[in-house]
Amino acid sequence: MPAATATSPWYKHLWPWIIIGILACSVTLTLSMVTIAVNNPDNLVNDNYYEAGKGINRSLDRELLAQTLKMRASVHLDELTGEVELRLSGDSQPKTLELNLISPTQPEKDRKITLARSETEHGRYIGQLSDQVEGRRFVELLGVEGDKTWRMFEEEQVSHDKDLLLGDEPLQGAEDLN
């Protein structure tokens, strides 16, 4: 009769632990990915993208009004104090202006600054930024003349060492209107 060989219990062998380790890692990583996906959802795509895409044919009334009023602006962002200084020239000098610095890819980095007209200096507007803004931005300046709103909108590279000039580029999409 052959002698029985003594075998050690399963938990003393290497291969069961390797298999259990692979399974445990995959479960842990899956739960991590689910948690990340739930806490950071993607922005929803507009389900009516065709209609939204036709926005390129938008009404240019506000931009044309700014052009008619000969509006030009120079924006300086002070890196240390966060002060925004805007010099405005043209036929409109409203009490307040709205300056929007829009990130093309990250909506959480959009900034809206209300600028108040200086009482002592003609054409000078002052506002305050809560944090630093740098990089590529769509810069939108809105003002009201009478009962109509004018708008200047350009894509700019924002940095603290150079001023932004608005109204210096030709109006895109208005070539056929002249």
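Rule-based calculations on the coordinates, nothing more; no lab input. All figures in this text were calculated on a predicted structure; none of them were measured in a lab. Positions of Cβ are generated from backbone atoms using ideal geometry, with glycine treated the same way; all protein chains shown enter the neighbour counts.
Relative contact order of region 58-135, please, whole-number percent, based on alpha carbon pairs below 8 angstrom and at least 6 residues apart.
Once normalised by length, the contact order is 27 percent.
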The set of residues whose placed amide H lies less than 5 Å from the amide H of residue 110, leaving out same-chain residues fewer than 5 positions away, is 103
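Which order results if 169, 154 are arranged by neighbouring Cβ count within 10 Å, fewest first? Don't skip to the end; give the middle numbers.
Numbers: 169 12, 154 18.
Arranged by neighbour count, lowest to highest, 169, 154 become 169, 154.
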Does region 66-178 come out rounded, prolate or oblate, given a ≥ b ≥ c as the square roots of the eigenvalues of its C-alpha gyration tensor, rounded meaning a/c under 1.5 and, failing that, prolate meaning a/b above b/c?
oblate
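Which order do the peptides 92-98, 70-76 take when ranked by the mean count of other beta-carbon atoms within 10 Å per residue, highest first? Display every interim value, and only then the final one.
Details: 92-98: 16.0, 70-76: 18.1.
Peptide ranking by packing, descending: 70-76, 92-98.
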Using Cα positions and a limit of under 12 Å, work out the aspartates and glutamates in reach of residue 112, with same-chain residues fewer than 8 apart set aside.
98, 131, 140
What nm distance separates the two modelled labels at residue 96 and residue 165, each placed 7 Å from Cα along Cα→Cβ?
3.0
Between residue 32 and residue 69, how many nm apart are label points set 7 Å from Cα along the C-beta direction?
5.4
